[in-house]
Amino acid sequence: MNSTNENKELNALISMLDEPSDKVFDQIRDKLLFYGRDAIPSLELAWDNSFDSQIQVRIEEIIHRIQLHGLHEELYTWKNTQRYDLFRGFYLVAKYQYPELDLNFITEKLEIIKRDIWLELNNNLTALEKVKVINHIIFDIHGFSGNKVNIDAPQNMFVNNVLESRKGNHLSLGIVYTIIAQKLGIPIFGVNLPQHFVLAYVDEIHDEKYSMADENEVLFYINPFNKGAVFTKREIEVFIKHLKLKSKNNHFKPCDNLVIIERVLEGLKVSFNKQGYGEKVDEVESLLKVLKKP
């Protein structure tokens, strides 16, 4: 079928969105879903030109399902070929809520912070001195802080919201901090603590994609939720003991970016569940299943 015929069929299908029979409409919807993202411009145009609220709702549902399917594919690609890129994974999570989110817009905001830090760095600085510079620029100059009033809100999990409001929870602030540090070639990686998320400054980068450093190669830890406070392994041991959990090796060493993005989605599930958004909980669960696929 050539593109002209495809456009004719697409437009014919869209013209039937007022179909009263649910069974017939399901068939129309499934055919539109088959077109994927190519159908979205025509569907949006139809929405703009329609004064029928039922048709508009149906169009919104179809567009959302197309976008969700596309996000499934992007996440699967990220998991298998791009997971060393934490920024890409965090951006894809935000696309769940903001499907048209501009990657360049987010990148530019991060680049501004990165540049400000880079101007203050030099090769003679120690690891602690580098972290002090990062903390000063992120928390003092750009004004980032922990969202302690609304810590469970879904917006804490979306990179665009964090960069615009300059507030986030322990996980999202930690991810932003990690992304900026790694863009500067500074070996800082996430540590997947239970009920918390902190960062590790390792002795050297063991892999250009992501670190699999042993805990013995961690110089110190960083808590972005507390304005980048530096601490030692001893504090983690006390924290784990306080939670009455058995200490494990992964409590002290950097984790894979896949684990971090899974944790972001788990956090979103909890947030949406607390707000009573059952459908969103199911959709986020479907994204998690994509990341768990072999």
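Scanning region 238-269 for residues that are in contact with an Asp or Glu (Cβ under 7 Å, 6 or more places away or on another chain) and in contact (Cβ under 8 Å) with a residue 24 or more places away in the chain, which turns out surrounded by the fewest Cβ atoms within 10 Å (Cβ to Cβ)?
Only one residue fits best here, namely N249.
I'd like the full set of residues that are farther than 27 Å from V284 by Cβ, hydrophobic (A, V, I, L, M, F, W, C) and surrounded by 12 or more Cβ atoms within 10 Å (Cβ to Cβ), limited to region 28-67.
Listed by number, the residues that qualify are I28, L45, A46, I55.
When region 184-195 is examined, which residues are found to be under 17 Å from the mean Cα position of the chain (by Cα) and farther than 14 Å from V131 by Cα?
Correct list: G190, V191, N192.
Out of curiosity, is K8 of a type in the set (K, R), surrounded by fewer than 13 Cβ atoms within 10 Å (Cβ to Cβ) and either out of contact with any Ser or Thr (no Cβ under 6 Å at 6 or more places or on another chain) or within 29 Å of V290 (Cβ to Cβ) (or both)? Can you show your working first?
Numbers: of a type in the set (K, R): yes; surrounded by fewer than 13 Cβ atoms within 10 Å (Cβ to Cβ): yes; either out of contact with any Ser or Thr (no Cβ under 6 Å at 6 or more places or on another chain) or within 29 Å of V290 (Cβ to Cβ) (or both): yes.
Taking the combined requirement at face value, the residue satisfies it.
Could you please find all residues in region 80-102 being part of a loop (DSSP other than H, G, I, E, B) and either free of Cβ contacts under 8 Å to residues at least 60 places away in the same chain or within 19 Å of P41 (Cα to Cα) (or both)? Break it down into steps so the answer makes sense when it comes.
Of the residues in region 80-102, the ones part of a loop (DSSP other than H, G, I, E, B) are 83-85, 98-102.
Those that are part of a loop (DSSP other than H, G, I, E, B) and either free of Cβ contacts under 8 Å to residues at least 60 places away in the same chain or within 19 Å of P41 (Cα to Cα) (or both): Y98, P99, E100, L101, D102.
G228 fails exactly one of the following numbered conditions: (1) on the phi > 0 side of the Ramachandran plot; (2) at pLDDT 95 or above; (3) of a type in the set (G, A, S); (4) exposed (fewer than 15 other Cβ atoms within 10 Å of the Cβ). What is the number of that condition?
Result: G228 passes all but (4).
Which pairs do you get when a residue that is outside the structural domain of I59 (by TED's automatic domain parsing) and acidic (D, E), found in region 20-44, comes within reach of a residue that is surrounded by 11 or more Cβ atoms within 10 Å (Cβ to Cβ) and assigned to a helix (DSSP H, G or I), reach meaning Cβ atoms under 6 angstrom, with the pair 6+ apart or on two chains?
Every condition considered, no pair remains.
The values are calculated or read from the model by the stated rules, or taken from the named source; none is laboratory data. Computed from a predicted structure; not experimentally measured. No Cβ is skipped: glycine too gets one built from the backbone with ideal geometry, and neighbour counts run over all protein chains shown.
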